[in-house]
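The values are calculated or read from the model by the stated rules, or taken from the named source; none is laboratory data. Computed from a prediction, not measured in an experiment: that's the story for all the values here. All Cβ positions, glycine included, derive from the backbone under ideal geometry; neighbour counts span all protein chains shown.
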Amino acid sequence: MNRRIIHLDLDCFFVACEVLKNSTLQNKPVLIGGKSGRGVVASCSYEARAFGVRSAMPMRYALQLCPDAQVIKGDMDLYSNYSKLVTTIIRETAPTFEKASVDEFYVDMTGMDRFHASYQWANELVETIRKESGLTISFGLSINKTVSKMATNESKPSGRLEIASTAVQPFLNPLSVAKIPMIGKKTFSTLSRIGIRKIKTLSEMPQEFMERLLGKNGRVLWEKANGVDQQPVVPYVEKKAISAERTFSQDTIDIKYIKSLLIKLTEGLAFELRKSKKLTSVIAVKIRYTNFDTYTRQKRITYTASNHRLVRIVHELFDQLYERRMLIRLVGVKCAGLVSGHPQIDLFDDPPEMIKLYQAMDSVHKRFGKGLIQKAACLPEKGVIGKKRGR
């Protein structure tokens with residue numbers, strides 16, 4: 001049985017939310033991101049894209065390309081509320097759906113054509129979202145997640161495209177290999193140097209050659225180029241919070257050591273947020289004294305998953321919380337108020353170098369484990385018992 005996977009993607013989501021709030025922005029070049037000279041573009045309108053502006057581009061360069069663009073800081077509370085509204089609409093009708101990010105969804109309609117024609121169902125869902133939220137959304141329908149996502153990308157904005165099983169390869173063949181979702185600039189450059197620029201060329205390469213060239217990713221790319229993708233649609237469950245804490249084997253009053261441990265706990269949570277494409281809006285610190293008295297203090301913050309922002313707030317909360325000058329038995333950090341979001345959403349004012357640093361650190365952590373790279377301030381953990389929680 002051929003699978004029936006729908007990919008839904010809200011068109012220019014951040015900008016669309018801002019337009020709903022301020023109609024004067026309609027049909028104008030708009031940049032969402034940091035207003036400082038070192039900020040980056042988190043999103044941009046189609047009018048700005050016509051000038052060559054793209055997401056993750058340094059704001060200074062974007063304004064050189066499109067000097068008349070209006071720059072907006074960004075409002076994650078606004079975007080989160082609209083995302084929750086759309087999620088609720090999809091949840092009420094979809095048999096199984098996955099929320100891939102704040103503005104992107106997959107729906108598995110396999111076997112449902114006996115009851116609902118998938119394309120017609122998707123059309124009706126899109127119209128419901130438009131009427132109830134004011135947002136436009138594109139969709140692609142095909143046999144797996146990769147092809148349906150590529151169909152959406154090729155049909156945007158306000159696109160609706162179905163790729164039948166017999167049409168998958170003719171659809172993929174003329175496209176650039178850069179259109180395959182998992183291909184980045186480095187991989188595209190590697191493939192281009194040996195003459196692989198179109199998906200058709202990639203699909204005709206021996207699988208063994210691709211594995212020798214790119215390892216496991218080479219095989220996965222070859223499969224995607226041939227329309228093969230077995231990734232399931234993972235049912236969406238909203239995680240409310242993640243936390244980490246440490247109990248000392250010997251109670252301590254060494255504040256320097258405790259703060260270095262808080263850095264390590266916080267950076268571990270920040271990595272988990274970025275890995276799962278989450279942002280936090282509430283940060284909490286817990287301490288337990290030697291007599292087992294336990295105190296917690298929390299603060300609502302702008303949505304973020306940035307190490308340096310979270311660490312600064314955690315230290316502030318600890319300083320406010322630690323008043324009794326008594327031996328401490330346990331410390332903990334919790335991130336709550338989580339929302340799905342792209343890694344760059346919270347980096348409105350972070351310089352490109354900081355973004356690249358996080359990306360490099362995350363890449364090392366994913367490949368070799370989280371303990372390999374640490375700040376110099378993070379002393380080796382001695383005499384502690386650890387616990388990490390998520391819910």
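Can you say whether VAL107 is modelled with pLDDT of 95 or more, under 19 Å from the mean Cα position of the chain (by Cα) and within 23 Å of LEU273 (Cα to Cα), as far as the supplied structure shows?
Details: modelled with pLDDT of 95 or more: yes; under 19 Å from the mean Cα position of the chain (by Cα): yes; within 23 Å of LEU273 (Cα to Cα): no.
Considered against the rule, which asks whether it is modelled with pLDDT of 95 or more, under 19 Å from the mean Cα position of the chain (by Cα) and within 23 Å of LEU273 (Cα to Cα), VAL107 comes out as no.
Going through THR266, THR290, THR296, THR280 one at a time, which residue ends up being over 17 Å from GLY337 (Cα atoms) and not assigned by TED's automatic domain parsing to the domain that holds ILE180? Break it down into steps so the answer makes sense when it comes.
Details: THR266 fails: over 17 Å from GLY337 (Cα atoms); THR296 fails: over 17 Å from GLY337 (Cα atoms); THR280 fails: over 17 Å from GLY337 (Cα atoms).
Unique residue meeting the criteria: THR290.
Which condition number does ALA94 fail, the rest of (1) crowded, with 17+ Cβ neighbours inside 10 Å; (2) closer than 20 Å to THR304 by Cβ being met?
Of everything listed in (1) crowded, with 17+ Cβ neighbours inside 10 Å; (2) closer than 20 Å to THR304 by Cβ, ALA94 misses just condition (2).
When only residues in the stretch 39-60 that are among the polar types (S, T, N, Q) and surrounded by 21 or more Cβ atoms within 10 Å (Cβ to Cβ) count, which is nearest to THR136 (Cα to Cα)?
Among them, the one singled out is SER45.
Read through the list (1) crowded, with 20+ Cβ neighbours inside 10 Å; (2) within 30 Å of ALA164 (Cβ to Cβ), then give the number of the only condition that VAL234 fails.
(1)
Conditions (1) without any contact (Cβ under 8 Å) to a residue 60 or more places away in the chain; (2) under 24 Å from LYS224 (Cβ atoms); (3) out of contact with any strand residue (DSSP E or B) (no Cβ under 7 Å at 6 or more places or on another chain), marked per residue:
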position	(1), (2), (3)
ASP68	yes, no, yes
LYS73	no, no, yes
ASP77	no, no, yes
THR87	no, no, no
ALA94	yes, no, no
LYS99	no, yes, no
ASP108	no, yes, no
LYS145	no, yes, no
SER148	no, yes, no
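So which helices (runs of 4 or more DSSP H) are wholly in the stretch 1-104 and hold at least 1 residues that are β-branched (Val, Ile, Thr) and within 23 Å of the chain's Cα centre (by Cα)?
13-21, 76-93
Are any of the residues in the stretch 150-165 among the basic types (Lys, Arg), surrounded by fewer than 22 Cβ atoms within 10 Å (Cβ to Cβ) and within 17 Å of TYR106 (Cα to Cα)?
Quick first cut of the stretch 150-165, residues among the basic types (Lys, Arg) only: 156, 160.
The next check asks that each one be surrounded by fewer than 22 Cβ atoms within 10 Å (Cβ to Cβ); those that pass are 156, 160.
Then drop every residue that is not within 17 Å of TYR106 (Cα to Cα), which leaves 156, 160.
So far as the stretch 150-165 goes, yes, one or more of its residues are among the basic types (Lys, Arg), surrounded by fewer than 22 Cβ atoms within 10 Å (Cβ to Cβ) and within 17 Å of TYR106 (Cα to Cα).
Residues in the stretch 261-273: is at least one part of a strand (DSSP E or B), among the small types (Gly, Ala, Ser), closer than 26 Å to GLY33 by Cα and in contact (Cβ under 8 Å) with a residue 60 or more places away in the chain? Step through it out loud before you land on a result.
The first filter runs over the stretch 261-273 and keeps only residues part of a strand (DSSP E or B), leaving none.
Checked against the condition, which is being part of a strand (DSSP E or B), among the small types (Gly, Ala, Ser), closer than 26 Å to GLY33 by Cα and in contact (Cβ under 8 Å) with a residue 60 or more places away in the chain, the stretch 261-273 yields no hits at all.
Filter the stretch 253-296 down to residues that are aromatic (Phe, Trp, Tyr) and more than 31 Å from the chain's Cα centre (by Cα) and give me whichever is surrounded by the fewest Cβ atoms within 10 Å (Cβ to Cβ). Lay out the reasoning, then the answer.
Start the filter on the stretch 253-296 by keeping residues that are aromatic (Phe, Trp, Tyr), which leaves 257, 271, 289, 292, 295.
Now narrow it down to the ones that are more than 31 Å from the chain's Cα centre (by Cα): 257, 289, 292, 295.
Numbers: TYR257: 15, TYR289: 17, PHE292: 8, TYR295: 13.
Result: PHE292.
Give me the residue from the stretch 22-38 that is closer than 22 Å to SER101 by Cα and of a type outside the set (A, V, I, L, M) and, out of that set, surrounded by the most Cβ atoms within 10 Å (Cβ to Cβ).
Kept after step one, since they are closer than 22 Å to SER101 by Cα, are these residues of the stretch 22-38: 30-34.
So of that shortlist, the ones also of a type outside the set (A, V, I, L, M) come out as 33-34.
Details: GLY33: 28, GLY34: 22.
Among them, the one singled out is GLY33.
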